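FYI, it's all coordinate maths here, none of it is from the lab. This structure is a prediction, so every number in the text was calculated from the model and none was measured. Here Cβ is always computed from backbone atoms with ideal geometry, including for glycine, and neighbour counts include all displayed protein chains.
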Amino acid sequence: MDPVQRTTTRGVLKVTLVDVEHRNALGGALVQGLYDAIADANADPRIRAVVLTNEGNTFCAGANLKQQGAGATPGATATVGLDELLRSIQTSPTPILGRIAGHVVGGGNGLAAALDVSIAADDVKFGFTEVRLGVVPAIISVVCLPKLRRADALETFLRGHRFSAARAAEMGLINRAVPRDQLDAAIEEVLADLRLGGPEALGVAKRLVYEVPDLPQDDAFRQMSRLSAELFRSREAAEGIAAFATRRKPTWADDGDDA
């Protein structure tokens, strides 16, 4: 069975990890399936957002230990590696949300951290448990460390313990934790806002978050001034500004109201 299933509703691609037997571990087929789903979403202008979620009680258990030999890395048996998957999530112009309905262990934290907006049920647990296996969260540290205070990273990486979704949100690993019966509503609230944003603008806004902090300030102002001017001249901006001026919805907006 394919460990990754897809459904599409109102321009949202829902990607569900369904390898419950292996606790949605990062085996080759799962890593490849996620990578392909993101690539297909980026190639389809009808897809406005992606939601990644899970079946079973585990969102992602990290490395598939049955597939890992000495010196292997999570996802190494896929055509693409875990590093490429995480990079594809963060460079995707399509917003990608996490609906985290199960526990997050090891490399699964990398998925949660790489996503644009991650919301977890408040009864799930997180844990960087790698040291208890004699390894470290090496690859996922690239996406996790920018979100964590050094003190929190040291404690969680060294202890290898489990902590609550609320604590994960407090540390900045995810956006927030909500009661399980409010998880779908929280995701829908974010999707409703995304459907009102210009598709191209959303992709560029996401790029800013990753690119601007690494630029020297003078370069940042120079590049962002050029970018701002380009966007104000774009067809999307012309439509958005015209819609604002005439108090109508822009052509891309989908607020669920056809009136």
Alpha carbon centroid spacing (whole Å) that separates segment 178-247 from segment 107-151 = 26 Å
inquiry  = What do you get for the angle between helix 28-43 and the principal long axis of the chain? Use alpha-carbon atoms, 0 to 90 degrees, nearest ten.
reply    = 0 degrees
remark   = Rh_Kirkwood(segment 199-245) over Cα pairs, Å, one decimal, evaluates to 11.7 Å
inquiry  = As I understand it, the value is the acute angle between the Cα axis of helix 183-194 and the longest principal axis of the Cα atoms of the chain; what does it come to in degrees, rounded to 10?
reply    = 40 degrees
inquiry  = Student exercise: in the chain, how many lysine pairs 8 or more apart or on different chains have Cα atoms under 24 Å apart?
reply    = 6
inquiry  = For the chain, set up a GNM with springs between Cα atoms under 10 Å and report which of Val80, Val209, Val178 has the largest fluctuation.
reply    = Val209
query = Any idea what the dipole of segment 106-250 comes to, in debye rounded to 20, about its Cα centre with Lys/Arg Cβ at +1 and Asp/Glu Cβ at -1?
reply = 60 debye
task = Of the options Asn109, Leu133, Gln182, report the single residue whose Cα projects farthest towards the positive end of the charge dipole of segment 92-214 (beta-carbon charges: Lys, Arg +1; Asp, Glu -1).
result = Leu133
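Divide by every residue of the chain the summed helix terms, -39500 (n - 2.57) for each DSSP H run of at least 4, and state the resulting mean residue ellipticity at 222 nm, rounded to the nearest 500 deg cm²/dmol.
-12500 deg cm²/dmol
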message = Taking the 0 to 90 degree range and rounding to the nearest ten, how far is the long axis of helix 150-159 tilted relative to the main principal axis of the chain, both from C-alpha atoms?
response = 30 degrees
request  = Report the one residue of Cys144, Ala61, Val18 whose Cα lies farthest in the direction of the positive end of the charge dipole of segment 1-147 (charges on C-beta: Lys and Arg +1, Asp and Glu -1; origin at the Cα centre).
outcome  = Cys144
remark   = In debye to the nearest 20, the charge dipole size for the chain, taken about the Cα centre with +1 at each Lys and Arg Cβ and -1 at each Asp and Glu Cβ, equals 340 debye
ask   = Once Lys and Arg get +1 and Asp and Glu get -1 on their Cβ, which of Tyr35, Ala120, Gln5 lies farthest toward the positive end of the dipole of segment 4-194?
value = Ala120
